[in-house]
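Let me begin by presenting the structure, written as C-alpha cells, before commenting on it.
The values are calculated or read from the model by the stated rules, or taken from the named source; none is laboratory data. As the structure is a prediction and not an experimental result, all values here were calculated from the model. Here Cβ is always computed from backbone atoms with ideal geometry, including for glycine, and neighbour counts include all displayed protein chains.
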Amino acid sequence: MNSFRVIVTALCCVVVVFGGLPFSSNAQLDPYFYGKTCPKLHSIAFKVLRKVAKTDPRMPASIIRLHFHDCFVQGCDASVLLNNTATIVSEQDAFPNINSLRGLDVINQIKTKVEKACPNRVSCADILTLASGISSVLTGGPGWEVPLGRRDSLTANQSLANQNLPGPNFSLDRLKSAFAAQGLNTVDLVALSGAHTFGRARCLFILDRLYNFNNTGKPDPTLDTTYLQQLRNQCPQNGTGNNRVNFDPTTPDTLDKNFYNNLQGKKGLLQSDQELFSTPGADTISIVNSFANSQNVFFQNFINSMIKMGNIDVLTGKKGEIRKQCNFINKKSSELDLGIVASAESMEGDMVSSI
Ligand code: HEM
C-alpha cells in the first residue's frame with residue numbers, strides 16, 4: 001500500500017463517534033434479514049426513490065422525517081402510515097403531522113413493487129427505514145447497512161404523537177427530554193437535528209421569531225439580521241403562514257454539515273434548531289462546533305443516531321404483522337370499516353401529496 005493510501009485509510013478511521021456502537025441496542029435486527037426471502041428489496045426501493053427524487057428533490061427529506069415521526073410514536077412500527085378507519089385514529093391527523101407529512105404514497109409505491117416480487121415478507125416499517133437510508137445516499141449524505149426485521153403495528157396512537165413529537169418552539173431542556181424519552185441522548189439530538197439541512201418548513205412555525213418573539217414585539221435576537229430580512233420577505237407578517245422556506249438557504253436539497261455552520265452564523269431556521277448553539281453554556285455547543293468542523297464526524301454520528309432511532313421499540317419475531325397494504329392493518333374489516341376505508345383511499349391523494 002502506498003503512503004497516500006495509508007494516510008487516506010488512517011483518516012477514514014479517525015472518526016469520532018460520540019455515541020455507543022450502532023448495533024448494540026437491538027441485536028435482533030439484521031441488514032441481511034431479507035437476504036433469502038426478498039433479495040431484490042434494496043434495488044426495488046432504490047429505483048423507486050431515485051426516480052421520485054429526480055422530479056421531487058425534496059422527497060428524500062420528507063421520507064426521513066416520516067421515519068422520525070414513525071419511530072417517536074410507539075416505536076418504528078409503521079404506525080404513522082395507518083389511515084383512519086373504524087378502529088384506527090390516524091397519527092396523520094396529530095398536530096405535528098397534519099397538512100405536513102409527505103411521502104406516504106412513495107412508501108406505497110415501493111410496497112406494491114415489493115409485494116409483487118416477494119409477497120407477505122417485507123414490513124412497511126422496514127420499507128420506511130430502508131427508504132430513509134437510501135434517501136440519505138441520494139442527497140449526498142452517508143450510506144450505511146440498514147438493520148432490518150421490524151414488523152408492523154396493529155395500532156396507531158394519535159395522542160402519543162401529539163405528546164412525543166417535539167415542537168419548533170421547544171427549549172433545549174424540552175428537546176433533550178423528548179429525545180431522552182426515546183432512549184436518545186444529547187449527541188443523538190444534535191446529530192439527528194442535522195436532518196434540518198434539507199427540506200422545507202412552513203412560515204407559521206417561525207412567524208413569532210420574525211416579528212414578535214416571546215411577545216416582545218421584536219424579532220428573536222439569536223437570528224442573524226440579514227437572514228431575518230430574507231425570511232421576512234418570504235414570510236410576510238400578515239400572510240397565511242403556509243409559504244415554505246428552505247431549512248438550508250445554500251444547499252436546500254443536500255444532506256451535508258451546513259446545518260451546523262448555519263447555527264454558528266445565527267441562521268438556524270427554527271427556534272429549536274438555534275437553541276442547540278445559542279443556549280448559553282449548553283453542552284450542545286461543542287457538539288455543533290465539532291460537526292460544523294468536519295462532515296466526516298457529522299456523518300459518522302448521523303449514521304450512529306439514525307440506526308439508534310431506527311431501533312426504538314421495534315416489533316420482531318411474532319409480534320405485530322406484515323401488512324399487505326401499508327395504510328391498513330390486515331384484519332378483516334367490518335362492513336362499516338370497509339366504507340370508511342374506501343373514503344380514506346379516495347382522499348389519500350390529497351393527504352399525501354399536497355405539499
Ligand atoms: C429536534 C426536534 C425537531 C423539531 C422541533 C422539528 C420540527 C420540524 C418542523 C416544525 C418542520 C416543518 C414542518 C412543516 O412545515 O410542516 C420540520 C421539518 C423537517 N424535519 Fe424536523 N424537527 C425535529 C427533529 C427532526 C429529526 C430528528 C429529523 C430526522 C432525523 C427531522 C427531519 C425533518 C426534515 C427532513 C424536515 C423537512 C421535511 C420536508 O421538507 O418535507 N426533524 N421539522
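Restricting segment 60-81 to residues that are more than 11 Å from the chain's Cα centre (by Cα) and crowded, with 22+ Cβ neighbours inside 10 Å, the residue that is nearest to Asn327 (Cα to Cα) is Leu81. Figure legend. Inter-residue proximity from segment 266-292: first residues assigned by TED's automatic domain parsing to the domain that holds Arg244 and over 21 Å from Asn169 (Cβ atoms), second residues more than 15 Å from the ligand (Cβ to nearest atom) and part of a helix (DSSP H, G or I), beta-carbon distance below 7 Å, spacing 6+ or different chains. Indicated pairs: Ser290/Val297; Phe291/Val297; Ala292/Asn261; Ala292/Gln264. Taken over segment 208-255, residues that are more than 13 Å from the ligand (Cβ to nearest atom) and touching a residue at least 40 places away in the same chain (Cβ under 8 Å) amount to 6. Whenever a residue of segment 154-182 is under 17 Å from Gln92 (Cβ atoms) and not assigned by TED's automatic domain parsing to the domain that holds Ile206, its partners that are near the ligand (Cβ under 10 Å from one of its atoms) and of a type in the set (S, T, N, Q), lying with C-beta atoms within less than 7 angstrom and at least six residues away or across chains, give the pairs Ala161/Asn97.
The residue that is nearest to the ligand (Cβ to nearest atom), among those in segment 141-156 that are surrounded by 17 or more Cβ atoms within 10 Å (Cβ to Cβ) and of a type in the set (Gly, Ala, Ser), is Gly141.
Listed here are the residues, each with its yes/no results for (1) farther than 28 Å from Leu270 by Cβ; (2) within 14 Å of the ligand (Cβ to nearest atom); (3) not acidic (Asp, Glu).
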residue	(1), (2), (3)
Ile88	yes, no, yes
Leu101	no, yes, yes
Asn108	yes, no, yes
Thr112	yes, no, yes
Thr139	no, yes, yes
Gln158	no, no, yes
Gly183	no, yes, yes
Val190	no, yes, yes
Cys203	no, yes, yes
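Against the test of being crowded, with 24+ Cβ neighbours inside 10 Å and within 14 Å of the ligand (Cβ to nearest atom), the options Ser132, Ser123 yield a single qualifying residue, Ser132.
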